[in-house]
1. Name the residue that is farthest from the chain's Cα centre (by Cα), counting only residues in segment 172-212 that are under 24 Å from W273 (Cα atoms) and of a type outside the set (V, I, T).
2. Hey, among A274, A242, which residue is more than 29 Å from G83 (Cα to Cα), without any contact (Cβ under 8 Å) to a residue 40 or more places away in the chain and among the small types (G, A, S)?
3. Kindly indicate the residue of segment 73-111 that is within 23 Å of L264 (Cβ to Cβ) and hydroxyl-bearing (S, T, Y) and also surrounded by the fewest Cβ atoms within 10 Å (Cβ to Cβ) among those meeting that condition.
4. Is it the case, given these coordinates, that S187 is within 30 Å of G112 (Cβ to Cβ) and touching a strand residue (DSSP E or B) at 6+ places or on another chain (Cβ under 7 Å)?
5. Residues that are touching a strand residue (DSSP E or B) at 6+ places or on another chain (Cβ under 7 Å) and either modelled with pLDDT of 80 or more or among the charged types (D, E, K, R) (or both): does segment 102-114 have at least one?
6. Residues to consider are V142, V118; find the one that is of a type in the set (A, V, I, L, M) and either modelled with pLDDT of 85 or more or more than 17 Å from the chain's Cα centre (by Cα) (or both).
7. What is the residue count in segment 190-202 for residues that are exposed (fewer than 15 other Cβ atoms within 10 Å of the Cβ), in a loop (DSSP other than H, G, I, E, B) and in contact with a strand residue (DSSP E or B) (Cβ under 7 Å, 6 or more places away or on another chain)?
8. Check I213, I205 and return the single one that is crowded, with 17+ Cβ neighbours inside 10 Å and under 15 Å from T271 (Cα atoms).
Amino acid sequence: MASTRVGLRAFRDMFSHTVKRATTVPAIRRTVVAPLVARSVRNASTRGFDRKSHLPPSPSARTSSLDQLDRIEPSAMQMILPGTLIPPPLSQWPRQPKPFFNFFWDVVKAWGRGKLQVLMMSISSKKGILKPRQFKLNNAQVILTAKAMHREMAEALAVGNKDALTKLCVKALATPLSANIDSRQNSRRYDWELVKYSGWRNPTIVSQSLSPILQSKGSPLMRQVIVRIKSRQRRTTYHKSANGLWQVNEGGKQEMDLEEYVALVSIVKPTTWASSEWRILGSVEPTTPEEWEMEKNALNAIEQEELKKYKL
């Protein structure tokens, strides 16, 4: 199960004098959580619903809750969607033929499930057979947005622009990054530059999901897109000399080749099919076969627990 606990050690070091390895977007660490916690991924903003009974909520309670959900902003999102699978490098795939094929089939199913989700939602936004779709994926525009936000976030972190980070990131990410800025030495400052994008078809969308925040008619949808970005980046560290001038540290210019999987989220309202602005949730590490097996087991346990509630 994937959570949004942000591993900031490498990121904190990006703009310090002890840099050994850097990344522009903190990684969302994958952990297997208890079913109760995992279920909160979809029910994170469900206050107002009747949880004292295993019966579905009353119409009035459902309407009241959906009114609250209608005001949800992507900045409140804290977790990537369960079942998100990012294929790892082939070196991390199983060596034996059967486990290799099974994992390959899981990758195909996860990719197809995401494609089907967004396609069905797009089709359902049509008001008639001959009417155009109100909800459009605009994947090309999403990639351009991801590139721009990835660059703006790194630049904002380098110069210490906390307001920009608040606008670009979800709260769970912006808060620790702002704390990182506050903890810096006043005698140092930083610059960041994207030198170039690397490789073919880069950046590219590697995962896309669209899921209701609640399993209720009219519930807002969380749209999650993960974009792989390969790039060469340059970081420059300056220190203030005795005469008050800023000078580049010895070895203060470093270039790094990085591969990042940047997760973006937005909220889609099915009543109007309008989408909120994108926010950066963090970065996702590729899913190892072992992690995927644990996540599948956790999801199966959640499903079984939910089914028990509605058994007569």
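The values are calculated or read from the model by the stated rules, or taken from the named source; none is laboratory data. Because the structure is a prediction, the values reported are computed rather than measured. Neighbour counts run over all protein chains shown; Cβ positions are idealised from the backbone, glycine included.
1. Keep residues of segment 172-212 that are under 24 Å from W273 (Cα atoms), which gives 205-212.
With of a type outside the set (V, I, T) added as a condition, the list becomes 207-212.
Details: S207: 10, Q208: 10, S209: 11, L210: 13, S211: 14, P212: 16 Å.
So the residue we want is P212.
2. Going through A274, A242 in turn, the sole match is A242.
3. That would be S75.
4. On the way: within 30 Å of G112 (Cβ to Cβ): no; touching a strand residue (DSSP E or B) at 6+ places or on another chain (Cβ under 7 Å): yes.
Judged against the criteria, S187 is not a match.
5. Initially, segment 102-114 is screened for residues touching a strand residue (DSSP E or B) at 6+ places or on another chain (Cβ under 7 Å), giving 114.
This time we only want the ones that are either modelled with pLDDT of 80 or more or among the charged types (D, E, K, R) (or both), so: 114.
Yes; the residues of segment 102-114 include at least one that is touching a strand residue (DSSP E or B) at 6+ places or on another chain (Cβ under 7 Å) and either modelled with pLDDT of 80 or more or among the charged types (D, E, K, R) (or both).
6. The unique qualifying residue is V142.
7. Counting residues in segment 190-202 that are exposed (fewer than 15 other Cβ atoms within 10 Å of the Cβ), in a loop (DSSP other than H, G, I, E, B) and in contact with a strand residue (DSSP E or B) (Cβ under 7 Å, 6 or more places away or on another chain) gives 2.
8. Result of the check over I213, I205: I213.
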